[in-house]
1. When you scan the range 51-70, do you find a residue that is part of a strand (DSSP E or B) and more than 19 Å from residue 191 (Cβ to Cβ), even just one?
2. Looking at the range 204-214, which of its residues are closer than 16 Å to residue 9 by Cβ and touching a helix residue (DSSP H, G or I) at 6+ places or on another chain (Cβ under 8 Å)?
3. Please go through the range 174-190 and pick out each residue that is surrounded by fewer than 22 Cβ atoms within 10 Å (Cβ to Cβ), touching a strand residue (DSSP E or B) at 6+ places or on another chain (Cβ under 9 Å) and not in a helix (DSSP H, G or I).
4. For the range 158-173, does any single residue satisfy the condition of being loosely packed, with under 15 Cβ neighbours inside 10 Å, within 27 Å of residue 68 (Cα to Cα) and at pLDDT 95 or above?
5. Please go through (1) in contact with a helix residue (DSSP H, G or I) (Cβ under 6 Å, 6 or more places away or on another chain); (2) in a strand (DSSP E or B); (3) under 22 Å from residue 119 (Cβ atoms) for residue 193 and return the number of the only condition it doesn't satisfy.
6. What do you reckon, is residue 226 under 24 Å from residue 19 (Cα atoms) and not in a helix (DSSP H, G or I)?
7. Does the range 13-36 hold any residues that are surrounded by 14 or more Cβ atoms within 10 Å (Cβ to Cβ), in contact with a helix residue (DSSP H, G or I) (Cβ under 8 Å, 6 or more places away or on another chain) and under 20 Å from residue 206 (Cα atoms), and which are they?
8. Enumerate the pairs (first residue in the range 128-149 and in contact (Cβ under 8 Å) with a residue 24 or more places away in the chain; second residue anywhere and surrounded by fewer than 19 Cβ atoms within 10 Å (Cβ to Cβ) and assigned to a loop (DSSP other than H, G, I, E, B)) with beta-carbon separation below 6 Å, excluding pairs fewer than 6 apart on the same chain, so at least 6 apart or on different chains.
């Protein structure tokens with residue numbers, strides 16, 4: 001078993017990984033900084049947990065996910081950011097991506113271009129919903145669209161995703177939720193809304209994002225280490 005045990009929290013930004021590790025893990029230590037993708041290991045609620053940076057986009061995230069699984073990780077949760085596609089999701093809101101529109105090349109590569117509906121592990125989602133209510137943190141649950149292009153040039157693409165029910169767009173959820181069942185592990189994705197798409201003025205300030213991360217990360221971590229229910 002690797003330094004992370006069976007549980008890993010994925011974040012895109014190394015600064016967010018450091019913040020979560022230092023503020024929320026006991027005995028956190030930096031265990032890798034390969035290619036600037038910092039990873040920390042520590043304890044949360046009595047479990048060994050890793051907080052690992054993935055970088056931006058599906059290809060980078062997929063490499064990290066595959067190698068964590070090779071190291072023995074069996075439950076993976078993403079805590080990332082997303083852009084809102086809906087009036088019901090505002091900057092600063094917490095969002096559970098229960099399923100994803102795989103509009104990215106990485107997910108399509110894994111399934112050979114076949115129709116595919118990446119879905120989060122229900123037990124992890126259920127645990128997070130329960131913990132969020134208990135903590136008084138509002139968490140919306142719904143559909144995210146995952147794309148390869150941060151500055152998406154496709155005219156009308158975001159409108160089409162929203163029309164199909166997507167509340168937000170990100171760059172890593174679909175690969176995570178695609179790879180996990182293929183490798184026999186459990187995964188879910190939780191996102192903090194950083195802005196409304198095509199409205200730069202709505203972007204959260206660094207201080208606001210830090211505060212939101214520290215209020216939402218305990219819920220993601222708690223769901224990550226929640227005990228799976230067996231029939």
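The values are calculated or read from the model by the stated rules, or taken from the named source; none is laboratory data. Computed from a prediction, not measured in an experiment: that's the story for all the values here. Using ideal geometry, Cβ is built from the backbone for each residue, glycine included, and neighbour counts are taken over all protein chains shown.
1. no
2. 213, 214
3. 185, 186
4. No: the range 158-173 contains no residue that is loosely packed, with under 15 Cβ neighbours inside 10 Å, within 27 Å of residue 68 (Cα to Cα) and at pLDDT 95 or above.
5. So residue 193 meets the others, but not (1).
6. Here the answer is yes, as residue 226 does meet what is asked.
7. Hits for the range 13-36 are 14, 16, 19, 20, 24.
8. Pairs that qualify, where the first residue is in contact (Cβ under 8 Å) with a residue 24 or more places away in the chain and the partner is surrounded by fewer than 19 Cβ atoms within 10 Å (Cβ to Cβ) and assigned to a loop (DSSP other than H, G, I, E, B), are 143/165.
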